[in-house]
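See below for the structure under consideration.
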Amino acid sequence: MRAMVLHAPNTALVAESRPVPAPGPDQVLIRVHACAVCRTDLHVIDGELPHAKPDLVPGHEIVGTVVAHGAQVERFREGERVGVPWLGWTCGACAYCRSGRENLCGRARFTGYQLDGGYAEYTVADPRYCFRLPDAYGDAEAAPLLCAGLIGYRALRLAGDARRLGLYGFGAAAHIVAQVARHQGREVYAFTRAGDAAAQHFARTLGVAWAGASDAAPPEPLDAAIVFAPVGALVPAALAATAKGGTVVCAGIHMSDIPAFPYRLLWGERVLRSVANLTRRDGEEFLALAPQVPVRTHVETFPLEQANEALARLRGGALQGAAVLQVATPYPPHSPLMP
């Protein structure tokens with residue numbers, strides 16, 4: 001099979017031919033149709049998330065079809081379309097797992113990090129952590145829902161019932177969250193890199209109330225903010241833009257150091273918190289909600305062999321919406337939710 005492989009941090013992915021993996025007794029073998037390109041992939045590839053699996057196949061927003069299954073598998077059968085997210089396995093026995101917080105499991109294993117992912121024609125996965133996907137979405141359109149959507153949804157829930165919501169960094173996750181938040185009747189304020197008129201225009205096309213630079217003050221104080229950009233300096237900026245009693249959620253798995261800031265920015269019962277990974281409950285809830293909104297993902301597709309180009313575009317902020325690697329012929333070829 002064709003695969004894009006990471007042999008060492010801070011190096012380009014290498015196109016290789018690998019044997020098709022054999023599913024274990026509790027795994028499914030999936031023919032990959034599409035895999036979205038996530039900023040977390042950059043953190044893994046750049047070595048900011050250490051101790052990745054040797055000779056790793058990245059990618060954790062996988063859409064594909066089950067083509068074989070192990071003897072112990074009952075959840076999926078051949079021909080079913082499934083989505084594979086970042087959370088690939090948890091122990092099920094620790095205090096976090098037993099209290100509905102499997103996203104915090106200390107022994108968790110993650111797709112495209114400790115487990116080979118979707119930058120390949122085939123992958124294996126634990127079916128207990130895979131999702132059935134809404135039929136309304138084609139493969140490429142469904143792929144960003146599996147991390148940008150899921151993590152964004154969890155971050156939105158942790159932001160509480162904020163009416164005025166700020167989104168710092170308007171990429172794949174924010175463009176999905178903005179649609180969900182507006183569906184819920186919230187006002188959305190989009191913060192982008194200074195001078196990024198294209199991103200601000202894109203945000204306005206999605207109905208945000210205001211779009212401006214990340215160092216600008218919004219026209220009204222925010223009730224909550226979600227920081228998607230991995231820039232620690234945005235945390236005090238978001239706190240400064242948030243009203244007393246508000247919440248700032250850091251939604252990335254990695255962020256540059258947060259600089260020191262005066263206590264007055266936190267005072268007034270503001271809350272600063274992070275989001276870690278996702279739970280399967282998050283996935284089931286969001287994938288049921290997405291077609292009701294309906295969320296329309298904006299994607300730019302690349303052939304599998306152009307994964308390095310897609311990653312470079314993401315790193316440089318040159319994408320609107322999400323990049324998706326098109327690995328196989330799309331199924332279905334057209335989605336009723338997409339133009």
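The values are calculated or read from the model by the stated rules, or taken from the named source; none is laboratory data. On a predicted model such as this, the values are computed, not experimentally measured, just so you know. With ideal geometry, Cβ positions are generated from the backbone for all residues, glycine too; neighbour counts draw on all protein chains shown.
Below, the figures for the structure above:
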| quantity | calculated |
| --- | --- |
| Which listed residue, of VAL235, VAL208, VAL231, VAL227, is surrounded by 20 or more Cβ atoms within 10 Å (Cβ to Cβ), over 30 Å from LEU133 (Cα atoms) and not small (Gly, Ala, Ser) | VAL235 |
| Failed condition for LEU289, given (1) outside any loop (DSSP other than H, G, I, E, B); (2) in contact with a Gly (Cβ under 6 Å, 6 or more places away or on another chain) | (2) |
| Odd one out for CYS91, checked against (1) in contact (Cβ under 8 Å) with a residue 40 or more places away in the chain; (2) surrounded by fewer than 19 Cβ atoms within 10 Å (Cβ to Cβ); (3) in contact with a helix residue (DSSP H, G or I) (Cβ under 7 Å, 6 or more places away or on another chain) | (1) |
| Criterion violated by GLU305 - all others in (1) part of a loop (DSSP other than H, G, I, E, B); (2) over 24 Å from ASP223 (Cβ atoms) satisfied | (1) |
| Given (1) at pLDDT below 95; (2) under 24 Å from LEU272 (Cβ atoms), index of the condition GLY195 fails | (2) |
| Among (1) within 18 Å of VAL180 (Cα to Cα); (2) out of contact with any Cys (no Cβ under 7 Å at 6 or more places or on another chain) - the single one ALA276 does not satisfy | (1) |
| Subset tally (residues that are part of a loop (DSSP other than H, G, I, E, B) and modelled with pLDDT of 95 or more) for the stretch 218-252 | 11 |
| Which numbered condition GLY268 fails, given (1) surrounded by fewer than 24 Cβ atoms within 10 Å (Cβ to Cβ); (2) closer than 27 Å to VAL14 by Cβ; (3) in contact with a strand residue (DSSP E or B) (Cβ under 9 Å, 6 or more places away or on another chain); (4) not charged (D, E, K, R) | (2) |
| From the options ARG313, ARG296, residue that is assigned to a loop (DSSP other than H, G, I, E, B), under 30 Å from GLY138 (Cα atoms) and either assigned by TED's automatic domain parsing to the domain that holds ALA12 or more than 18 Å from the chain's Cα centre (by Cα) (or both) | ARG296 |
| Yes/no for VAL82 being more than 17 Å from the chain's Cα centre (by Cα) and not acidic (Asp, Glu) | no |
| Residues of the stretch 187-228 satisfying the condition of being over 13 Å from HIS175 (Cα atoms) and among the small types (Gly, Ala, Ser) | ALA194, GLY195, ALA197, ALA198, ALA209, GLY212, ALA213, SER214, ALA216, ALA217, ALA224, ALA225 |
